[in-house]
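All remarks here apply to the structure that follows.
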Amino acid sequence: NSQQSPVHFDLALIPSLLMLHPSALPILFQEEMSNKEATEGEAVTLHCKLSKSAPVEWRKGNKVLKTSEKYKIEQEGPFAELLIRDLDLADA
């Protein structure tokens, strides 16, 4: 009689390797903003460069700045730019 014996497998859990994907890496400033001096009534442009493309939010204190007659916000890939028009003391 050819009966087969049951086969037993011992399973071992092996931790998988941590794979880092570029999208999981932190976003850093490659080029930070620098102080700018300008005359009241004129315009000034602030810009920064990130280590990779990501949405940028411009703030003054706790206020999030939005595109308007006062502000122009542009971003292309990792490059972000804020134009402030008609400067006054409150913009400092």
>> Of the conditions (1) at pLDDT below 80; (2) part of a strand (DSSP E or B), residue 8 satisfies every one except a single condition; which number is it?
In response: (2)
> Which one is farthest from residue 31 (Cα to Cα) among residues in the range 41-92 that are in a loop (DSSP other than H, G, I, E, B) and polar (S, T, N, Q)?
Replying inline: 68
> Does residue 47 satisfy the criteria of being open to solvent by 100 Å² or more (accessible area, probe 1.4 Å) and modelled with pLDDT under 90?
Replying inline: no
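If a residue has to be open to solvent by 90 Å² or more (accessible area, probe 1.4 Å), farther than 17 Å from residue 89 by Cβ and more than 13 Å from the chain's Cα centre (by Cα) to count, how many in the range 50-78 make the cut?
Step one: list which residues in the range 50-78 are open to solvent by 90 Å² or more (accessible area, probe 1.4 Å), which gives 55, 57, 59, 62-63, 66-67, 69, 76.
Narrowing the set further to residues that are farther than 17 Å from residue 89 by Cβ leaves 55, 57, 59, 62, 66-67, 69, 76.
Next, only the ones that are more than 13 Å from the chain's Cα centre (by Cα) stay: 59, 62, 66-67, 69.
Total meeting the criteria: 5.
What is the residue count in the range 79-89 for residues that are open to solvent by 90 Å² or more (accessible area, probe 1.4 Å) and either within 20 Å of the chain's Cα centre (by Cα) or polar (S, T, N, Q) (or both)? Before the answer, list the steps.
So in the range 79-89, the residues open to solvent by 90 Å² or more (accessible area, probe 1.4 Å) come out as 79, 86, 89.
Then drop every residue that is not either within 20 Å of the chain's Cα centre (by Cα) or polar (S, T, N, Q) (or both), which leaves 79.
So the count comes out to 1.
The values are calculated or read from the model by the stated rules, or taken from the named source; none is laboratory data. These numbers were taken from a predicted model, which means no experiment stands behind them. Positions of Cβ are backbone-derived with ideal geometry, glycine not excepted, and every protein chain shown enters the neighbour counts. To get the accessible areas, we keep the full protein, side chains included, count just its heavy atoms, and leave off ligands, DNA and RNA. Shrake-Rupley method; radii C 1.70, N 1.55, O 1.52, S 1.80 Å.
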